[in-house]
1. Can we say Ser175 is in a helix (DSSP H, G or I), more than 22 Å from the chain's Cα centre (by Cα) and of a type in the set (Ser, Thr, Tyr)?
2. So which residues in the stretch 210-230 are at pLDDT below 85 and surrounded by 14 or more Cβ atoms within 10 Å (Cβ to Cβ)?
3. Going residue by residue through the stretch 145-158, is there one that turns out to be within 23 Å of Lys285 (Cα to Cα), in contact with a Pro (Cβ under 9 Å, 6 or more places away or on another chain) and either free of Cβ contacts under 8 Å to residues at least 40 places away in the same chain or small (Gly, Ala, Ser) (or both)?
4. Anything in the stretch 209-226 that is assigned to a helix (DSSP H, G or I) and within 15 Å of Ser253 (Cα to Cα)? List them, or say none.
5. Just to be sure before I move on: is Gly190 under 30 Å from His112 (Cα atoms) and exposed (fewer than 15 other Cβ atoms within 10 Å of the Cβ) in the structure I sent?
6. Listed residues Ile268, Ile249, Ile233; which is at pLDDT 90 or above and assigned by TED's automatic domain parsing to the domain that holds Phe22?
7. Taking the stretch 94-146 on its own, how many of its residues are over 17 Å from Pro273 (Cβ atoms), polar (S, T, N, Q) and either touching a strand residue (DSSP E or B) at 6+ places or on another chain (Cβ under 7 Å) or surrounded by 15 or more Cβ atoms within 10 Å (Cβ to Cβ) (or both)?
Amino acid sequence: MKQGENFLSVFLEGIGIYAKHFITFTKYMAFPIFGQILGIILAFGLSLGFAFYAVDMFKDSTLTLSITLCLTIPGIYIFIRAFWEYLTAYVSISSMTENTLKSGRIYDIDAHKQVVTKRAGSFITLWILFGLFTFIAIFPPMWFFAEIVFVLIILIFQVFTFEHDATPIQCFKRSFNLIKPFNTYMQTQGLFILTALFTYWLLPKVVDLICSILQIITFFAMLLDPLMTNLPINEFNAALLALKLPYVIGSLSIAKFLTSMFISTIVIGFTLPLRSIIWTLWYKKLAIAELKKKSKSKKKKASN
């Protein structure tokens, strides 16, 4: 990556790398995303399906409960494995990005996964700390402060990937120190907003629009519609009427909304590589700039 680039050029370079290796990244993310979906469907589908019919088949409720719980195990196992793969993908793809910057290719994907597997304890601790921060950040009084801090710690997983001796706490400190200069913070904020809008809003909207035009959303919504009729829709519409709101909710509209949300969630999941690539490029830029600054400072002191 060339020096002197601003956040917009880093964003565009990230899109270029993602587009070049789109098929590789899509294949890589297939199990982490669809595995979670399959796991949930199996866990709830098998257990609830059995429980529904077992009420009339078995008189022993303890036996029914035991079998029901056992039937959730395959789905839970698949979900946990896929969820772990999803969490590790962010770091693995950062490692892949470095590889493609050097050689232009991505190969030996299992080797990139070792970035996590060799330091699984630290990785889990890092996620726990980040999860605690996220939990605190969901409270409305914390939103403004949390957004500022989030931008400052946005490179923690890149630090974990490339600075192998860094502890989880040091990952937070290192990210904070790289981004804290005002100009760097403002550019990081700009990159954060641009990346979030592109991957969390624009791309899902585009795919949703395409699916709407092709009647894909309507097709799946019609499959869900019989389930939606069990919801208290009439009571909800009565409440809207009492509030004098000009809206009428139907079962099909709810099904379409849920289908759109499902599609958007999948798109967001498949764009995780793009977010990882962009923040890896940004980390590399800041780390190199810091190294050059320290080198110049040493030379200046030596000349004095």
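1. Taking the combined requirement at face value, the residue does not satisfy it.
2. Within the stretch 210-230, Met228 is the sole residue that qualifies.
3. Scanning the stretch 145-158, I find at least one residue that is within 23 Å of Lys285 (Cα to Cα), in contact with a Pro (Cβ under 9 Å, 6 or more places away or on another chain) and either free of Cβ contacts under 8 Å to residues at least 40 places away in the same chain or small (Gly, Ala, Ser) (or both), so the answer is yes.
4. Ser212, Ile216, Ile217, Thr218, Phe219, Phe220, Ala221, Met222, Leu223, Leu224, Asp225, Pro226
5. It is false that Gly190 is under 30 Å from His112 (Cα atoms) and exposed (fewer than 15 other Cβ atoms within 10 Å of the Cβ).
6. After applying the criteria, what remains is Ile268.
7. 2
The values are calculated or read from the model by the stated rules, or taken from the named source; none is laboratory data. Worth saying up front: this structure is predicted, and the values here are computed from it rather than measured. Note: ideal-geometry Cβ built from the backbone for every residue, glycine included; neighbour counts use all protein chains shown.
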